[in-house]
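The values are calculated or read from the model by the stated rules, or taken from the named source; none is laboratory data. Because the structure is predicted, anything quoted here is derived from the model rather than measured. A quick note on method: Cβ atoms are made from the backbone with ideal geometry, for glycine too, and the neighbour counts reach across all protein chains shown.
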Amino acid sequence: MSKALQKPRGTQDMIGEAAAHFDHVIETFNRVRKLHGFGRVEVPVFEATAVFARSLGETTDVVSKEMYEFQDRGGDAICLRPEFTAGIARAYIENGWQQLAPLKLATWGPLFRYERPQKGRFRQFHQLDAEILGAGEPAADVEVIALGQHLLEELGVAGDVELSLNSMGDPKTRAAWSAAVATYFAAHRGDLSEDSQRRLDANPLRILDSKDAGDAALVANAPQIDDYFTVEAGQFFERLQAGLQASGIAWTRNARLVRGLDYYRHSVFEFITHSLGAQGTVLGGGRYDGLIGHMGGPETPAVGWAAGIERLAMLVVEPALPRVQVAVVPETPELEHEAMRIAAHLKRQGVSTIMPFKGNSRRRAAQAAKANVETILYVRNGDMSRDSLNLVDRLKDAEAAGRMLRVLGNLPSEYPALSGENE
């Protein structure tokens, strides 16, 4: 016997409650982003490798170690997308979307990184993504953060999540701060962890984000960005904080929250939970005014965030498995087609409906119970008005009962009588 095939390491299969929570996150995101005026954007699952090498940097771990790269049959260097922002920036440049700016865009889907799987982290994972392109005002930063806050509230997880906020300043601020940080850590090179010693030469600001316990004391005494703010950078950060306060959004200042790439400007933020261990960030982002120009497009201010669907789904308590409202069961084989017509009618009226496929009415009712059905609707011969009222009487939810009565009242008169029973 041949060995059974298995899914690749770092991927997942989902049904049942896990799939229901995943679906709930996506449905909630789509509902909330529409309330905030974010339109849908779609970009390819695979791109030219250069899209991410240019945006993320050749020396970053994502590009040098984690991307799924291959040559296609035409000999082009292709990779599976490890994040959304670079692909959206490429599309903005290629399609001339700057004529439509400012743009509020959102998407979701699978991403791919070859890294060690752990709780809440997969090699094929899924993210929500929201971006505002072409708006350089602090109000745009407030808007994307407010979208994230609203999403967490609607998912029922906001009480377990805290917003952490910092600024990377403008280019002049960042350059002065980065130089001061590099000088400070260079004087303590021998006391730094191996990772931080490597970062000191490539990207000293990333040392501030070190998780190594031995680096903690040095990081605590490192230069603060506030001492290097230009007037413009300081005003931007003040306006951002005032906007968050006006929007009723609480935050905690984290002066060590950084983004290593040079095109990041001003706001950086993360929504963090303590319920998922080390993988505590469930939503994070910032302003990246330099990215689109860095990729060869027009200089364009932009701000956005991404959120892990798997991590959000792990925090969601509700919903349990969704319940189908009605199962239509023909009492005799002769009523099979009539039951199909009734089921089709109910679906068109917005009632979630199934019709078990096989067996007598008792076996089909048992199948309906396994499918988490609220009500079984039997198709039988008899007085339609009396039996449909019996169905409504037996429904527990008064609003659902009223709706069902209206739907049944619209059934064509040639349909046979109906009766119903609760689960």
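Restricting Met314, Met340 to those that are in contact (Cβ under 8 Å) with a residue 40 or more places away in the chain and of a type in the set (A, V, I, L, M) reduces the list to Met314.
Residues of the range 92-138 that are among the hydroxyl-bearing types (Ser, Thr, Tyr) and either crowded, with 20+ Cβ neighbours inside 10 Å or outside the structural domain of Asp289 (by TED's automatic domain parsing) (or both): Tyr92, Thr107. Residue-level analysis places Ala306 among those that are among the aliphatic types (A, V, I, L, M) and surrounded by fewer than 23 Cβ atoms within 10 Å (Cβ to Cβ). For first residues located in the range 96-107 and more than 20 Å from Pro138 (Cβ to Cβ), partners that are buried (at least 21 other Cβ atoms within 10 Å of the Cβ) and among the basic types (Lys, Arg) and lie 6+ apart or on another chain with Cβ distances below 7 Å form the pairs Ala106/Arg33. Residues in the range 237-247: is at least one within 23 Å of the chain's Cα centre (by Cα) and surrounded by fewer than 19 Cβ atoms within 10 Å (Cβ to Cβ)? Yes, the range 237-247 contains a residue that is within 23 Å of the chain's Cα centre (by Cα) and surrounded by fewer than 19 Cβ atoms within 10 Å (Cβ to Cβ). Of the residues Lys3, Lys104, the single one that is out of contact with any Gly (no Cβ under 7 Å at 6 or more places or on another chain) and among the basic types (Lys, Arg) is Lys3.
Taking the criterion of being under 12 Å from Ser267 (Cα atoms) and charged (D, E, K, R), the residues of the range 234-256 that qualify are Glu238, Arg239, Arg253.
Residue-level analysis places Ala175 outside the set of residues that are surrounded by fewer than 18 Cβ atoms within 10 Å (Cβ to Cβ), part of a helix (DSSP H, G or I), touching a residue at least 24 places away in the same chain (Cβ under 8 Å) and not assigned by TED's automatic domain parsing to the domain that holds Leu147. Looking across the range 80-108, just one residue is over 20 Å from Tyr288 (Cβ atoms) and in contact with a strand residue (DSSP E or B) (Cβ under 7 Å, 6 or more places away or on another chain), and that is Leu80.
Okay, residues lined up against (1) more than 13 Å from Arg256 (Cα to Cα); (2) in contact with an Asp or Glu (Cβ under 8 Å, 6 or more places away or on another chain); (3) of a type in the set (Ser, Thr, Tyr):
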residue	(1), (2), (3)
Glu154	yes, no, no
Asn166	no, no, no
Arg174	yes, yes, no
Tyr184	yes, no, yes
Leu192	yes, yes, no
Arg198	yes, no, no
Ala202	yes, no, no
Lys211	no, no, no
Ala217	no, no, no
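Pro82 meets the conditions (1) of a type outside the set (Val, Ile, Thr); (2) part of a loop (DSSP other than H, G, I, E, B); (3) touching a residue at least 40 places away in the same chain (Cβ under 8 Å) in every case but one. The failed one is (3). Reported count of residues in the range 178-224, each being hydrophobic (A, V, I, L, M, F, W, C), assigned to a helix (DSSP H, G or I) and either surrounded by 17 or more Cβ atoms within 10 Å (Cβ to Cβ) or modelled with pLDDT of 90 or more (or both), is 12. Within the range 358-377, the residues that satisfy the criterion of being surrounded by fewer than 18 Cβ atoms within 10 Å (Cβ to Cβ), among the basic types (Lys, Arg) and in a helix (DSSP H, G or I) are Arg362, Arg363, Lys370. Taking every residue in the range 224-249 that is over 24 Å from Glu153 (Cβ atoms) and in contact (Cβ under 8 Å) with a residue 60 or more places away in the chain and pairing it with any residue that is assigned to a helix (DSSP H, G or I) and basic (Lys, Arg), at least 6 positions away or on another chain, the pairs with Cβ-Cβ distances below 8 Å are Thr230/Lys172; Ala233/Lys172. Being in a helix (DSSP H, G or I), within 16 Å of Phe125 (Cβ to Cβ) and touching a strand residue (DSSP E or B) at 6+ places or on another chain (Cβ under 8 Å) is the filter here; which residues of the range 1-51 pass it? Listed by number, the residues that qualify are Phe22, Val25, Ile26, Phe29.
Let's see how each residue does on (1) of a type in the set (Phe, Trp, Tyr); (2) assigned by TED's automatic domain parsing to the domain that holds Ile292:
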residue	(1), (2)
Val161	no, yes
Ala187	no, no
Ala202	no, no
Arg206	no, no
Phe237	yes, yes
